Amino acid sequence: MTALVVLGFHLLGIASSIHAVMNTRTEQGAIAWAVSLNTFPYLAVPAYWVLGRSRFQGYVSARRENLEEIAGVTRAAVAAAAPFRVPEAAADPAGRAAQRLAGIPYLRGNTVELLVNGDATFASILQGIAAAREYVLIEFYIVHDDGIGRELKAHLIERARAGVRVRFLYDEIGSADLPRAYVDELRAAGVEVHEFHTRKGPRNRFQLNFRNHRKIVVVDGRVAWVGGHNVGDEYLSRDPEVGPWRDTHVRIEGPAALGAQLAFAEDWHWAAGSGLDLRWDPVPSPSGDVPVLIVPSSPADELETANLMFIHAINSAQERIWIASPYFVPDKPVTDALQLAGLRGVEVRILIPDKPDNALVGLAAYTYVDDSSLTGGKFYRYGAGFLHEKAMLIDHSFATVGTANFDNRSFRLNFEITAVIADQAFAAQVERMFEADFARSRVMAPGEYDRKPWWFRFGARLARLTGPVQ
């Protein structure tokens, strides 16, 4: 009997390794899984089928089955927004490929507001919800039943009782501790609530690797918010155990809000199994004409949208690249692009937390310091609290704010969304934000990693090897 079990595991290991070689998106990941599945299948086989897949097949199948409906909505939205479309030749060079990856164009007619930290972000979001007249779309990775969570719930219930349609999505893994009573109270008031259902369907039943990491709020198809904040008191620096929290969101009013709405509508179709009756006529902001592109990315994409977008932006830089990410464990194409930028004379600055909330990520980050310093790149460790913002500044006219980190999970495994903004005035605001953050940070010295004891460097290298599964 034991021999049959052993033989069964090894046969499953062989079959799983073939699947890994054929489907894993990176060569390093494919090699790692193939070796482990064949040498020690007893642990590797269950681990692979729970954590190893890099393509969200259920969502892919649903997208194909409903392709005409989804494509029809997208075509209608793009056609309606045609008067606000930025000609591709006039788009910022760093954004042209992102425009094609997103499947929707840069749109003018927007007002954009940079929201620094939780108080400003949630004051803006709650004010926007209170002003809703037709519908509110809410999607978050983490939702807590705490002070800000209950405040958000109260606003949604008030709007639902006023006759406004409210649709609420949350990730069941990120929001694992959300009480049933929280959801029941929303539903009792008329709010339609759904988990994202990353394990929906027989092929995803045991899969824990995919997360909907998006943070989206849309009001009446006219205003949208995206960024790094989840719904929890810690995001407003109200949790004494966590301490100060540094994060960034952006408010977009105008035609580009439809890009965030499109991403929500597709997620809703997967989670709820039905479409939404939404308005798709673009309404320009009365006080702005900023070009904005919304770029959703996910493990259901044919291309690695987030990874390609960031690589192209880095390769387009002529003067500077400033990146803020709490989880900086990029793959080789990104590190090569940053090194090449340094060789071109581009100023490269990377802002990471001084005290990360993930030990592996914190260790791995050390190994990138010397790689970047070889070509002039600098790492800044933010010391005035936990840095959670996901922002990038390219030269003087191009900035991004969104949910994607610089790691394998955001590049290939998570559902993410990024606002790409091509505007000098907004870039100047982002520059001032970065400068304030740099002033609260220390610069890591070249050779700092080499001066660490051997056991620390060994641990850091091991942590870097785990980057594809962090």
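The values are calculated or read from the model by the stated rules, or taken from the named source; none is laboratory data. For clarity, every value in this text was computed on a predicted model and none was experimentally measured. Counting neighbours? That spans all protein chains shown, and the Cβs are built from the backbone with ideal geometry, glycine included. Accessible surface areas use protein heavy atoms only, side chains included; no ligands, DNA or RNA. Shrake-Rupley method; radii C 1.70, N 1.55, O 1.52, S 1.80 Å.
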Could you compute the FRET efficiency for Ser274 and Trp455, with r as their C-beta to C-beta distance and R0 at 41 Å, rounded to 0.05?
0.15
Heavy-atom SASA rank of Arg75, Arg442, Arg161 (probe 1.4 Å, accessible area, largest first)
Arg161, Arg75, Arg442
Let a ≥ b ≥ c be the square roots of the eigenvalues of the Cα gyration tensor of segment 330-470; is it rounded (a/c under 1.5), or, if not, prolate (a/b larger than b/c) or oblate?
prolate
If I ignore ligands, DNA and RNA and count only protein heavy atoms, how much of Asp177 is accessible to a 1.4 Å probe, in Å² to the nearest 10?
100
Heavy atoms only, 1.4 Å probe, whole protein assembly: order Ile104, Ile148 by accessible area, highest first.
Ile104, Ile148
Checked segment 149-286 with the C-alpha gyration tensor, a ≥ b ≥ c its square-rooted eigenvalues, rounded below a/c of 1.5, otherwise prolate if a/b is larger than b/c and oblate if not; verdict rounded
Would you mind counting up the charge near Leu169? Only other residues with Cβ under 9 Å from its Cβ, with Lys and Arg at +1 and Asp and Glu at -1.
-2
Leaving out ligands, DNA and RNA, what percent of the accessible area of segment 357-470 is carbon and sulfur, probe 1.4 Å?
58
Prolate/oblate/rounded label for segment 232-329 (Cα gyration tensor, a/c 1.5)
rounded
How much accessible surface does Val430 have with a 1.4 Å probe, in Å² rounded to 10?
0
Could you give me the ³J(HN,Hα) list for segment 103-117, computed from phi with Karplus coefficients 6.51, -1.76, 1.60 and θ = phi - 60°, whole Hz, x at Gly and Pro?
x, 9, x, 4, 10, 8, x, 10, 9, 10, 10, 7, 10, 9, 6
With a sphere of radius 14 Å drawn around the Cβ of Glu241, what net charge do the other residues whose Cβ falls strictly inside it have (Lys, Arg +1; Asp, Glu -1)?
-3
Solvent-accessible area per residue for segment 299-450 (1.4 angstrom probe, square angstrom)
32
For segment 155-182 versus segment 366-408, the gap between their alpha-carbon centres in whole angstrom:
33
Heavy atoms of Ile352 accessible to a 1.4 Å probe, total area in Å² rounded to 10
10
